[in-house]
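Reading through the structure tokens given below for one structure.
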Amino acid sequence: MFYNGDNPVLRVLDVCHMKWDRGSFDVKPREHSALSFRIKGDGKICANGNEYKVGAGEILYIPQNMGYKAEYTETEMIVIHFVTAEDGKDIEVYSFDMCEDIYKGFMQSLVVWNSKQAGYRVFALSTLYKILGTLLEKVSETKLPPHFRKAVSYINSNYRDVTLTVPLVCKYAGISETVLRELFRIYFKKTPVSYITDMRIEYARSLISNGETVEAASYKSGFRDSKYFARTIKKRLGCTPRELKNYGK
């Protein structure tokens, strides 16, 4: 992947919501990179003798100083243009089963950029870093052993279900609890329960930040009740649920 944490993003130039009809385009080299989430339409891009295909729900990265030819069907996408200290050399296409969180990141970046409120460039940059971090995480997941990847995918889809348990995950993925715990230790440096709890906390934080009550957020995130949720937040993060929306900011 072009971004691994060692090549910092220097600045975001703009965030655009783009739409156009079917067509062919000859794009000259530009002094910035582009990362886009395609909402609608298909595209074929040719550069350096290689052909890349991208469809709805996929993420496309084009490095700075690269010219290319493109053919698009009727298209809608969100594009972030930015400059890095050391860019990648090749076009990359990312496709995942679950892209809702990445799409939300692009939407958040667009809203922040269009607001033009104080600090919007900084917030847009921080949102881009979050998108890149999520991409890294998902790319890493695709390299996991098949049974473990199946278990992680099941957790990612069902962590908000209060009835989700480690034995249930193991049964679905066809893997023993001992092996699952060992693989989580190797790949994520945490236990399966900690992984599930972290996902629930982050989801609850996003709900509370958007105006949900603590009680509703705890229930929708998969916690048994708001009191258990509060104890978990205090133990793991040292703050109250109401302070959670500002945690890490």
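With R₀ set to 45 Å, the beta-carbon distance separating residue 228 from residue 93 gives a calculated FRET efficiency near 0.60. Ranked from largest to smallest solvent-accessible area, with a 1.4 Å probe on the protein heavy atoms, 240, 178 come out as 178, 240.
Placing a label point 7 Å from the Cα of residue 143 along the Cα-to-Cβ line, the residues of segment 185-204 whose backbone N sits under 15 Å from it are 186-189. Per residue, the accessible area of the chain comes to 55 Å², computed with a 1.4 Å probe over protein heavy atoms only. For the pair residue 42 and residue 243, label points projected 7 Å from Cα toward Cβ lie 5.3 nm apart. With the cut-off at 1.5 for a/c, could you classify segment 148-202 from its C-alpha gyration tensor as rounded, prolate or oblate? It is oblate, given that a/c is not under 1.5 and a/b is not larger than b/c. Projecting the Cα atoms of 168, 232, 146 onto the dipole axis of the chain, where Lys and Arg carry +1 and Asp and Glu carry -1 at the beta carbon, places 232 farthest toward the positive end.
Take every Cα pair under 8 Å whose residues are at least 6 apart in sequence, average their separation, divide by the length of segment 68-157, and the relative contact order is 23 percent.
Pairs of Cα atoms nearer than 8 Å and 6+ residues apart set the relative contact order; for the chain it is 16 percent. For the chain, the dipole from Cβ point charges (+1 on Lys and Arg, -1 on Asp and Glu) about the Cα centre works out to 1040 debye, to the nearest 20. Based on the Cβ-Cβ distance from residue 65 to residue 206, what FRET efficiency comes out when R0 is 45 Å, to the nearest 0.05? Efficiency, from the Cβ-Cβ distance: 0.80. Measuring nothing but protein heavy atoms, the accessible surface of segment 3-45 at 1.4 Å probe radius is 48 percent carbon and sulfur. Each of the GluC sites (Glu not before Pro) that DSSP puts in a loop and that has at most 13 other Cβ atoms within 10 Å breaks the chain; the longest unbroken stretch is 87-249. Note on residue 69: lysines with a C-alpha under 20 Å away, same-chain residues under 8 apart excluded, are 19, 28, 40, 44, 53, 89.
Note on residue 235 and residue 126: the extension gain reaches 36.6 nm, defined as 0.36 nm multiplied by sequence separation minus the Cα-Cα distance.
The values are calculated or read from the model by the stated rules, or taken from the named source; none is laboratory data. Being a predicted model, the structure only gives us computed values, none of them experimental. Neighbour counts are summed over all protein chains in view; Cβ atoms, including those assigned to glycine, are modelled from backbone coordinates with ideal geometry. Quick note on the areas: whole protein, heavy atoms, side chains included, nothing else; ligands and nucleic acids left out. Shrake-Rupley method; radii C 1.70, N 1.55, O 1.52, S 1.80 Å.
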